[in-house]
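Chemist: Following this message is one structure expressed as structure tokens.
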Amino acid sequence: MQAWLDSLIARGDFGARPDAALAYGIAMAIACALVLALIALPFASIVTWVERRVWARIQSRVGPNRVGPQGFLQWLADGVKHVCKEDLAPEEADARLFKLAPWLVALGFFLPWAVMPFSSALILADLNVGILYLTAVTALTVVGVLMAGWASNNKWSLLGGIRSAAQIVSYEIPAGLSILPVVLMSGTLSMEGIIRAQGWAPQSWFLFANPFCVPAATILFISGLAENNRTPFDLPEAESELVAGFATEYTGMRYLLFYMAEWGNMFVSAAIVATLFLGGWRAPALSRSAVAMNTIEFAVFNLKVLTIVFVSMWVRGTLPRVRIDQMMALCWKYFVPIAFVDLLGTAGWVALWPDGNPIASWLLLACAAAGIVLFVRRVAIYARRSRMELRLRPTS
Amino acid sequence: MLMRSLFYLFAAMTIGSAAIAAFSRNIVHSAFALLGAFAGVAAIYTLLGADFVAMTQVFVYIGGILVLTLFAVMLTQGIADVTVSNRAVGRAPALAVTIAVGTAMAAAIARSPWPAAPAYVPAPTTYGIGNAFLGPYALPFEVASIVLLAALIGAVVIARPASSGEEDTP
């Protein structure tokens, strides 16, 4: 499936074969619709139920379990409820901007899927500037959020919108800077090219390519949380301070669009981390059949992405919200300098070992594995202890 | 045919949004209309095969400049009075300036040779741009960076509150 834009660029003009261009355009439109309908929207919907169940588990509650088996159909019920709600717009609101804003946010959520590398063949458009495109189009979300905040004609909405814009614009800088080490090492901006520069085995991932990549990946992940307005960075929609922030005045389908984009963007930012640092869809060559290999690669990619999504749910269930000055200090006083050091360090590393340093990669992988083992043991000890205490003193 | 209709679509989007930005009486509407103008220009860059420039346009203009403009507009005093627009200069001088600039541009358009469509096949440009920046154009690139850095430092010096005596000296 070759990219529509890339083919336009490569062939210059379709003037000679207008029918081929039309057929190509229709095929790409159908493919885009399939990716959105089969992956993006189901993820954004079902993840709401998953996330509520995960939080419930973290907070020793049950969570939604009434609609369907284990409450699985809760997302469907919520969707139907929102569609049936009255579409209200405040009388004093700027009606046109108020109605346009959710669509801009949704557009900022839809556009990244064009370069989402699900497997070696399953990518809508392997743009030559893929990762740059991905970071650029998410900016539409900011514009939509600002528009919603202003057009609602409501102080909470405006404050929420401005907080969100300040947050996203600030965190774009460390996020962009932590993408650059990977571009340095792979020498390409294309999503598939970056994945192909890594291997399936963990020691050949860019995460372990040099000691500067682990902090870069961490900064990218945390900036992703901040750009999606997720706890601990959910200041733009802090319920206790701003009602629902920029979405306060929205109801029904428009409200749903905001939250669909927010939840769906979890997948997008997790996919960026998985692509850049965790080897993307890279899988060992288990089969000769292209279909089987692509299925395996699709599963590997989604496993990595969903693991990162789960970690972000876990963070949301665990950490309290930061203050706005803490959020800004974290970005500008810590992340930006660390990201610059990562960039310079990686540049030096690439100059010293242009083909990578396998010993360092193995050492880093060993450190990471040891860290994960220690962490799991610690969690297991606490889990056992809390279960024991619950049994001894169930009411305390 | 397809490319031509796409071009006219994006050109209309750019010009229409720019017209809203220029003529709207509501300064916030003007700022939001810039979105269409910037996006249309990025789309035209894409049609021209300038993939890297198009993405940089979206990244810098929509992600950076537009958001900062909106931010500045929304933090400005009297935002509730949204009918503020620039009427500092009357219509007659505006007309004179428009005619002068329009004549100059029309003359330039009429005189320039307008080369026909290039015969080469446009290829991805990122590699060439990167090599040019770090090769033959390294010095201008670095000078531009220094100008930007100086602007940043200047902005910090101006914006910083002069609360006590010793903080006045930067």
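Chemist: Report yes if some residue within region A:341-353 is in contact with a Phe, Trp or Tyr (Cβ under 9 Å, 6 or more places away or on another chain), over 29 Å from A:Gln167 (Cα atoms), in contact (Cβ under 8 Å) with a residue 40 or more places away in the chain and of a type in the set (S, T, N, Q); otherwise report no.
Modeler: no
Chemist: Something else: Can B:Ile129 be described as loosely packed, with under 14 Cβ neighbours inside 10 Å, closer than 28 Å to A:Gly108 by Cβ, at pLDDT 80 or above and within 12 Å of chain A (Cβ to nearest Cβ)?
Modeler: No: the conditions fail for B:Ile129.
Chemist: Among all residue pairs at least 6 apart or on different chains, which show Cβ distances below 6 Å where the first residue, located in region B:30-50, is more than 11 Å from B:Leu66 (Cβ to Cβ) and the second is of a type in the set (A, V, I, L, M) and modelled with pLDDT under 90?
Modeler: Taking only residues 6 or more apart or on different chains, the pairs are B:Ser30/B:Ala21; B:Ala42/B:Ala54; B:Ala42/B:Val58; B:Tyr45/B:Val53; B:Tyr45/B:Ala54; B:Thr46/B:Ala54; B:Gly49/A:Ile9.
Chemist: Within region A:116-125, can one find any residue that is buried (at least 24 other Cβ atoms within 10 Å of the Cβ), within 11 Å of another protein chain (Cβ to nearest Cβ) and either in contact with an Asp or Glu (Cβ under 7 Å, 6 or more places away or on another chain) or at pLDDT 85 or above (or both)?
Modeler: no
Chemist: Another one. Taking A:Ala40 as the residue in question, decide whether it is within 14 Å of another protein chain (Cβ to nearest Cβ), crowded, with 18+ Cβ neighbours inside 10 Å and touching a residue at least 40 places away in the same chain (Cβ under 8 Å).
Modeler: Considered against the rule, which asks whether it is within 14 Å of another protein chain (Cβ to nearest Cβ), crowded, with 18+ Cβ neighbours inside 10 Å and touching a residue at least 40 places away in the same chain (Cβ under 8 Å), A:Ala40 comes out as no.
Chemist: Another one. Take the residues of region B:73-97 that are within 11 Å of another protein chain (Cβ to nearest Cβ) and not in a loop (DSSP other than H, G, I, E, B): which is modelled with the highest pLDDT?
Modeler: Among those residues, the one meeting the criterion is B:Val73.
Chemist: Still on this structure, I have one more. I'm trying to understand the selection: among the residues of region A:33-66, which are among the small types (Gly, Ala, Ser) and either under 21 Å from A:Val268 (Cβ atoms) or outside any helix (DSSP H, G or I) (or both)?
Modeler: If the condition is that a residue be among the small types (Gly, Ala, Ser) and either under 21 Å from A:Val268 (Cβ atoms) or outside any helix (DSSP H, G or I) (or both), then A:Ala33, A:Ala37, A:Ala40, A:Ala44, A:Ser45, A:Ser60, A:Gly63 are the ones that fit.
Chemist: So, one more: For region A:181-200, indicate whether the set of residues that are closer than 25 Å to A:Gly371 by Cβ, in a helix (DSSP H, G or I), modelled with pLDDT of 85 or more and among the polar types (S, T, N, Q) is non-empty.
Modeler: No.
Chemist: Quickly run through region A:263-290 and pick out the residues that are modelled with pLDDT under 85 and either part of a helix (DSSP H, G or I) or in contact with a strand residue (DSSP E or B) (Cβ under 7 Å, 6 or more places away or on another chain) (or both).
Modeler: Across region A:263-290, the qualifying residue is only A:Ala290.
Chemist: Could I ask something else about it? From A:Arg230, A:Arg321, which residue is of a type in the set (Lys, Arg), within 30 Å of A:Asn153 (Cα to Cα) and over 18 Å from the mean Cα position of the chain (by Cα)?
Modeler: A:Arg321
Chemist: For B:Ala37, indicate whether it is surrounded by 21 or more Cβ atoms within 10 Å (Cβ to Cβ), over 18 Å from B:Met74 (Cβ atoms) and more than 9 Å from chain A (Cβ to nearest Cβ).
Modeler: Here the answer is yes, as B:Ala37 does meet what is asked.
Chemist: Can you say whether A:Ile30 is in a helix (DSSP H, G or I), among the hydrophobic types (A, V, I, L, M, F, W, C), within 14 Å of chain B (Cβ to nearest Cβ) and free of Cβ contacts under 8 Å to residues at least 24 places away in the same chain, as far as the supplied structure shows?
Modeler: In short, no.
Chemist: Would you mind telling me which numbered condition in (1) under 26 Å from the mean Cα position of the chain (by Cα); (2) away from every other protein chain (no Cβ under 14 Å) A:Pro69 fails?
Modeler: Unmet for A:Pro69, out of (1) under 26 Å from the mean Cα position of the chain (by Cα); (2) away from every other protein chain (no Cβ under 14 Å): (1).
Chemist: In region A:150-159, what residues are buried (at least 24 other Cβ atoms within 10 Å of the Cβ) and at the interface with chain B (Cβ under 8 Å from one of its Cβ atoms)?
Modeler: A:Trp150
Chemist: OK, next. Does B:Leu68 satisfy being surrounded by 10 or more Cβ atoms within 10 Å (Cβ to Cβ) and either β-branched (Val, Ile, Thr) or modelled with pLDDT of 85 or more (or both)?
Modeler: In short, no.
Chemist: Separate question: Could you check A:Val54 against (1) within 26 Å of A:Ala274 (Cα to Cα); (2) assigned by TED's automatic domain parsing to the domain that holds A:Thr318; (3) touching a residue at least 24 places away in the same chain (Cβ under 8 Å) and say which number it fails?
Modeler: Of (1) within 26 Å of A:Ala274 (Cα to Cα); (2) assigned by TED's automatic domain parsing to the domain that holds A:Thr318; (3) touching a residue at least 24 places away in the same chain (Cβ under 8 Å), only one is false for A:Val54: (2).
Chemist: For region B:25-51, how many residues are within 27 Å of B:Asn131 (Cβ to Cβ) and at pLDDT 85 or above?
Modeler: Residues meeting the conditions: 5.
Chemist: Please tell me if A:Gly25 is outside any helix (DSSP H, G or I) and either modelled with pLDDT under 85 or surrounded by 18 or more Cβ atoms within 10 Å (Cβ to Cβ) (or both).
Modeler: Criteria not met by A:Gly25.
Chemist: Which condition breaks for A:Ala93 when tested against (1) more than 14 Å from chain B (Cβ to nearest Cβ); (2) under 30 Å from B:Ala31 (Cα atoms); (3) surrounded by 12 or more Cβ atoms within 10 Å (Cβ to Cβ)?
Modeler: Looking at each condition in turn, A:Ala93 falls short on (1).
Chemist: Applying the selection to region B:98-122, what residues are modelled with pLDDT of 75 or more and of a type in the set (A, V, I, L, M, F, W, C)?
Modeler: B:Ile99, B:Ala100, B:Val101, B:Ala104, B:Met105, B:Ala106, B:Ala107, B:Ala108, B:Ile109, B:Ala110, B:Trp114 - these are the residues of region B:98-122 that are modelled with pLDDT of 75 or more and of a type in the set (A, V, I, L, M, F, W, C).
Chemist: Quick check: anything in region A:292-302 exposed (fewer than 13 other Cβ atoms within 10 Å of the Cβ), assigned by TED's automatic domain parsing to the domain that holds A:Ile219, acidic (Asp, Glu) and modelled with pLDDT of 85 or more?
Modeler: no
The values are calculated or read from the model by the stated rules, or taken from the named source; none is laboratory data. Not measured: the values here are computed from a predicted model. Ideal geometry is used to build each Cβ from the backbone, glycine not excepted, and the neighbour counts take in all protein chains shown.
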